[in-house]
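Reading through the structure tokens given below for one structure.
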Amino acid sequence: MIVRTLTHWGLYDCHVNNGELVDVTPAPEDPDPSPIGRNLLLGNSLHRVSRPAVRRSYLEQGSGHGVRGKEDFVEVSWDDALDLIANELARIREQHGPASIYGGSYGWASAGRFHHAQSQLHRFLTCTGGHTDSVNAYSYAAAEVILPKVIGHYEDLLKAPTSWPRIIEHAEMMVCFGGLPLRNAQITNGGPGRHVQQAYLKAAAEKGIRFFNISPQATDCPGFLNARWLPVRPGTDVALMLGLAYTLITRDLYDEPFIARYCSGFDIFREYVLGALDQTPKTPTWAAERCGIAATDIEQLAGDMASHRTMISLSWSLSRHQHGEQPYWMGITLAALLGQIGLPGCGIGLGYCVENKVGKPVERHNLAHLPRGGMNSVSEAVPVARIADMLLHPGQPYSFNGESRCYPDIRMIYWAGGNPFHHHQDLNRLALAWQKPETVVCHELVWTATARHADIVLPIASSLEREDIGGAPNEDILVAMKQVLPSFDEARTDYAVFSGLAQRLGAGDAFTEGRSTRDWIRGDTGDTGDRYPEMPAFETFWEQGEYLFPAPAAHDLFADFRADPMRFPLATPDGKIQLATEKFGHATWHTPHEWLGEPGIHRFHLVSHQPASRLHSQLDQGEFSQLSKINGMEPITINASDATELGLQARDTVRVFNDRGSFRAGLIISDAIMRGVLSIATGAWWQPDESGECHAGNPNAVTLDRGTSDIAQGPSALTCLVSIEKLEPPLG
Ligand SMILES: Nc1nc2c(c(=O)[nH]1)N[C@H]1C(S)=C(S)[C@@H](COP(=O)(O)OP(=O)(O)OC[C@H]3O[C@@H](n4cnc5c(=O)[nH]c(N)nc54)[C@H](O)[C@@H]3O)O[C@H]1N2
Ligand SMILES: Nc1nc2c(c(=O)[nH]1)N[C@H]1C(S)=C(S)[C@@H](COP(=O)(O)OP(=O)(O)OC[C@H]3O[C@@H](n4cnc5c(=O)[nH]c(N)nc54)[C@H](O)[C@@H]3O)O[C@H]1N2
Ligand SMILES: [Mo]
């Protein structure tokens, strides 16, 4: 039997024999399928949670006993587990109020719109009395806060910038900060039906567009683009862009009429660039000292950008540095100086190739998602990456988005669909903070480090073990995700679990509305039926298995604003691009807390990027992910001259460390990474030994857990200096 399914990494045919998954092959319609699908083979069965389980001393002695993450678990019946959780939720809400329950629960979970784990959890917690939530995403939190102030329409800039066909037709140059890493285009949150980024890049290369890869790694652009590599020190793009801006302004290469008509605050920004107030002109030489790119190259690039039709791309990784708000503000400022925003195929886009959807001509479909089921009784939401601070400092003040706020006093954590013990920074610190609440509940498929750090773990059915409707607002396919496999052992869907809990808490009807899973799925096409009259009725769609939306026309972002800024103003106070604001100043260079400009004793910058062989930590146990490992560990890349200097060889087991922690990894030696930089993918399952050293190679063993700044309080995962040494085998 072959059953088709949609995942965050594409559309696959699952081959099932006697209730077992025997093969996974990409849908033939996908022109450039992702090998990540192979991970489903072992991944759907290895390390699964079989039955509800409770941490031993929590079960035997109650909350407040034992140490999370250091104990074994006792399996219990579903009824006992659900009674335990329902009683605990009721007790804690009554004693400490709904804000003491943290349901932020960041994470990607699986494709499938109805079973989306975080939406299920939010609906359940809202229906039963409310909870503290998180705000913004690890991916680009700094952008989410700064972009609305600068340019208004941040959603389109991030997810639906000027489409590739327009770039290919009109642009002459593409300057890519963070490159165009095709490995990331394997993914779209919700699921891509057809992978298109490689074909677009090839067409752009054939057209003769010149690419510039501004990144610590040459591999961030595929070889066929023949990109010019300008190795930049991590975290210094703002300095580089200021050097470019200085050149444009002082050589009169900037577009004065564009600035006058479409921007405000230029005079303040110009004073800063010229050094009128701080006596520090941001010359190319000043920039070169910080970013490591020669002043002559900076001058030449500025001239080239001004004299050609140029598209600027800023990868989302730039936002995950300390002061990650600034590269986005500065990138927009640079694009404004060039005056090409809104011209066909030019201007600026954030994150081409970051996901399959970015740059694809799209119409954002208004697909329904599971509603919350009312207003959350708690209005406060904590910036997503401040979780350890929140747990460690209840009641303490912090600043966010120009406001002063206080952290809530969290007594219970409820997590479904994410893996904070892979995704959060400084995991040893998180493990300490995680001891604070009275109860931690986790819904998981597999025994991740997050499951191991809970008190109560519930086994969840995988996306292959339930039915759903699959699709993403900016992809072109809707998929009837039929059930592929029976549930693993005693696993249940998140929905079934929350239905059982809601009933115990007297909110059963409010949660389920008396609807079956199929009823919910049927309603999940949103208003698409109205917008696409040719779309078949649900039953026909379900039988046919797929619906492809008609291809929309390519578009140029901000073309309407450019044509008529009065009629199509930006969503900023004066409708213009804000190069300076009263409250937040202007795009500014801040010296990072850790960077190669002042290395100190740890003299390597650790860049942690998205993995080519999986999605985050998901299915790390799968075949394709395991093939990428070196001696069972995540590979880490070092520059060849650095390796020689340190006496390191390819495939050595290395120890990477700083004052926060350490991890082990297998070494790759390369000329395609700049000196002083180490690069490792995120997502290896955190496996700390007694000393806290991770044996699998999770970079968050050593990363910095600080907010980007008071503006967005996003993650600063990429601001991280480390040392590296060969791990000698123990003597004897
Ligand atoms: N150092 C460093 N850290 C980073 C980053 C970085 O660049 N550097 N990047 C950050 C970014 S951008 C992101 S988005 C995060 C990603 O972090 P996460 O989104 O937390 O990572 P995933 O591995 O996708 O975690 C999803 C978890 O949900 C489980 N799951 C899957 N389906 C279901 C389901 O139906 N129900 C339930 N209950 N569970 C399910 C999976 O088994 C898995 O453990 O990592 C961040 N962390
Ligand atoms: N295969 C795969 N694809 C994915 C994901 C996955 O897990 N697997 N995750 C998805 C998710 S959740 C997200 S948010 C996106 C993330 O998309 P991005 O954030 O764009 O991706 P990263 O791979 O983290 O970073 C891209 C490159 O930025 C470079 N870089 C790092 N720091 C700097 C810097 O300071 N300056 C410059 N110029 N370059 C720098 C690094 O060399 C890195 O390879 O990817 C998505 N795509
Ligand atoms: Mo992300």
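The values are calculated or read from the model by the stated rules, or taken from the named source; none is laboratory data. For clarity, every value in this text was computed on a predicted model and none was experimentally measured. Cβ coordinates were reconstructed from backbone atoms using ideal geometry, including for glycine residues, and neighbour counts include every protein chain displayed.
Quick check on my filter: what residues within the range 682-697 are of a type outside the set (D, E, K, R) and out of contact with any strand residue (DSSP E or B) (no Cβ under 6 Å at 6 or more places or on another chain)? Steps first, answer last, please.
Going through the range 682-697, the residues of a type outside the set (D, E, K, R) turn out to be 682-688, 691-692, 694-697.
The answer is GLY683, ALA684, TRP685, SER691, GLY692, ALA696.
Which residues, counting only those in the range 292-316, are among the hydroxyl-bearing types (Ser, Thr, Tyr) and either outside the structural domain of LEU157 (by TED's automatic domain parsing) or crowded, with 16+ Cβ neighbours inside 10 Å (or both)? If you could, list the steps in order and put the result at the bottom.
Here is the first cut: in the range 292-316, the residues among the hydroxyl-bearing types (Ser, Thr, Tyr) are 296, 307, 310, 313, 315.
Those that are among the hydroxyl-bearing types (Ser, Thr, Tyr) and either outside the structural domain of LEU157 (by TED's automatic domain parsing) or crowded, with 16+ Cβ neighbours inside 10 Å (or both): THR310, SER313, SER315.
Mind checking which helices (runs of 4 or more DSSP H) fall wholly inside the range 475-584 and carry at least 1 residues that are of a type in the set (Val, Ile, Thr)?
On the way: elements: 494-504, 508-512, 517-522, 528-531, 538-544, 559-563.
Passing ranges, in order: 494-504, 508-512, 517-522, 528-531, 538-544.
Scan the range 377-388 for residues that are touching a helix residue (DSSP H, G or I) at 6+ places or on another chain (Cβ under 8 Å) and surrounded by 20 or more Cβ atoms within 10 Å (Cβ to Cβ) and report the count. Reasoning before the result, please.
Kept after step one, since they are touching a helix residue (DSSP H, G or I) at 6+ places or on another chain (Cβ under 8 Å), are these residues of the range 377-388: 377-378, 380, 382-385, 387-388.
Then drop every residue that is not surrounded by 20 or more Cβ atoms within 10 Å (Cβ to Cβ), which leaves 378, 382-385, 387-388.
Counting residues in the range 377-388 that are touching a helix residue (DSSP H, G or I) at 6+ places or on another chain (Cβ under 8 Å) and surrounded by 20 or more Cβ atoms within 10 Å (Cβ to Cβ) gives 7.
Kindly establish whether GLU94 is among the acidic types (Asp, Glu) and part of a helix (DSSP H, G or I).
On the way: among the acidic types (Asp, Glu): yes; part of a helix (DSSP H, G or I): yes.
Answer is yes for this residue.
Looking only at residues that are among the β-branched types (Val, Ile, Thr) and in contact (Cβ under 8 Å) with a residue 40 or more places away in the chain in the range 494-522, which one is surrounded by the fewest Cβ atoms within 10 Å (Cβ to Cβ)? Reasoning before the result, please.
We begin by selecting, within the range 494-522, every residue among the β-branched types (Val, Ile, Thr); these are 497, 512, 517, 521.
From what is left, the residues that are in contact (Cβ under 8 Å) with a residue 40 or more places away in the chain are 497, 517, 521.
Working: VAL497: 26, THR517: 17, ILE521: 22.
The extreme case among them is THR517.
Tell me the residue from ALA86, ALA111 that is within 16 Å of ligand 2 (Cβ to nearest atom) and either touching a residue at least 24 places away in the same chain (Cβ under 8 Å) or of a type in the set (Gly, Ala, Ser) (or both), please.
Numbers: ALA86 fails: within 16 Å of ligand 2 (Cβ to nearest atom).
Only one candidate passes the filter, namely ALA111.
For the range 1-23, enumerate the residues that are surrounded by fewer than 24 Cβ atoms within 10 Å (Cβ to Cβ) and not acidic (Asp, Glu).
In the first step, residues of the range 1-23 are kept if they are surrounded by fewer than 24 Cβ atoms within 10 Å (Cβ to Cβ); the result is 1-4, 13-23.
Within the range 1-23, MET1, ILE2, VAL3, ARG4, CYS14, HIS15, VAL16, ASN17, ASN18, GLY19, LEU21, VAL22 meet the criteria.
Residues of the range 61-80 being surrounded by fewer than 16 Cβ atoms within 10 Å (Cβ to Cβ) and in contact with a Gly (Cβ under 9 Å, 6 or more places away or on another chain), which ones?
Matches in the range 61-80: ASP79 only.
Filter the range 591-633 down to the residues that are in a loop (DSSP other than H, G, I, E, B), within 13 Å of ligand 2 (Cβ to nearest atom), closer than 25 Å to GLY324 by Cβ and touching a helix residue (DSSP H, G or I) at 6+ places or on another chain (Cβ under 9 Å) and list them by number.
TRP595, GLY597, GLN610, PRO611, ALA612, ARG614, HIS616, SER617
Just wondering, is there one or more residues in the range 472-492 that are crowded, with 22+ Cβ neighbours inside 10 Å, in contact (Cβ under 8 Å) with a residue 40 or more places away in the chain and farther than 26 Å from GLU546 by Cα?
Yes - at least one qualifying residue is present in the range 472-492.
Filter the range 526-545 for residues that are among the acidic types (Asp, Glu) and modelled with pLDDT under 85; which is nearest to PHE114 (Cα to Cα)? Working first, answer last.
Applying the first criterion (among the acidic types (Asp, Glu)) to the range 526-545 yields 527, 530, 534, 539, 543.
Then keep just the ones that are modelled with pLDDT under 85; that gives 527, 530, 534.
Numbers: ASP527: 15, ASP530: 20, GLU534: 23 Å.
Looking at residues that are among the acidic types (Asp, Glu) and modelled with pLDDT under 85, I get ASP527.
For GLY37, are the conditions met, namely being of a type in the set (Gly, Ala, Ser), at pLDDT 95 or above, closer than 24 Å to GLY190 by Cα and not in a strand (DSSP E or B)? Lay out the reasoning, then the answer.
Values: of a type in the set (Gly, Ala, Ser): yes; at pLDDT 95 or above: yes; closer than 24 Å to GLY190 by Cα: yes; not in a strand (DSSP E or B): yes.
So GLY37 fits the description; yes.
Taking the range 106-142, which residues are hydroxyl-bearing (Ser, Thr, Tyr), in contact with a His (Cβ under 9 Å, 6 or more places away or on another chain) and under 24 Å from ASN184 (Cβ atoms)? Please lay out each step first, then the result.
Filtering the range 106-142 for residues hydroxyl-bearing (Ser, Thr, Tyr) gives 106, 110, 119, 126, 128, 132, 134, 138-140.
Still in the running and in contact with a His (Cβ under 9 Å, 6 or more places away or on another chain): 106, 110, 119, 138.
Within the range 106-142, TYR106, SER110, TYR138 qualify.
For the structure I just gave you, tell me whether ALA717 is within 16 Å of ligand 3 (Cβ to nearest atom) and in contact with a strand residue (DSSP E or B) (Cβ under 7 Å, 6 or more places away or on another chain). Walk me through it before giving the result.
On the way: within 16 Å of ligand 3 (Cβ to nearest atom): yes; in contact with a strand residue (DSSP E or B) (Cβ under 7 Å, 6 or more places away or on another chain): yes.
Taking the combined requirement at face value, the residue satisfies it.
Could you pull out the residue among GLY692, GLY666 that is outside the structural domain of GLY418 (by TED's automatic domain parsing), under 27 Å from HIS453 (Cα atoms) and buried (at least 18 other Cβ atoms within 10 Å of the Cβ)?
Numbers: GLY692 fails: buried (at least 18 other Cβ atoms within 10 Å of the Cβ).
From the options GLY692, GLY666, the qualifying one is GLY666.
Does any residue of the range 258-266 turn out to be under 30 Å from LEU201 (Cα atoms) and assigned by TED's automatic domain parsing to the domain that holds TYR352? Show your work before the answer.
Initially, the range 258-266 is screened for residues under 30 Å from LEU201 (Cα atoms), giving 258.
Pick out the ones that are also assigned by TED's automatic domain parsing to the domain that holds TYR352 and you get 258.
Within the range 258-266 (the criterion being under 30 Å from LEU201 (Cα atoms) and assigned by TED's automatic domain parsing to the domain that holds TYR352), the answer is yes, since at least one residue qualifies.
Quick check: is even one residue across the range 493-511 of a type in the set (A, V, I, L, M, F, W, C) and within 26 Å of PRO165 (Cα to Cα)? Even if it seems obvious, please write down each step before you answer.
First, pick out the residues of the range 493-511 that are of a type in the set (A, V, I, L, M, F, W, C): 496-498, 501-502, 505, 507, 510-511.
Within this subset, residues satisfying the condition of being within 26 Å of PRO165 (Cα to Cα) are none.
Within the range 493-511 (the criterion being of a type in the set (A, V, I, L, M, F, W, C) and within 26 Å of PRO165 (Cα to Cα)), the answer is no, since none of the residues qualifies.
Only one residue in SER516, SER499 is farther than 30 Å from PRO552 by Cα, more than 10 Å from ligand 1 (Cβ to nearest atom) and in contact with a Phe, Trp or Tyr (Cβ under 9 Å, 6 or more places away or on another chain), so which one is that? Talk me through it step by step, then tell me what you get.
Working: SER516 fails: in contact with a Phe, Trp or Tyr (Cβ under 9 Å, 6 or more places away or on another chain).
Just a single option satisfies the conditions, and that option is SER499.
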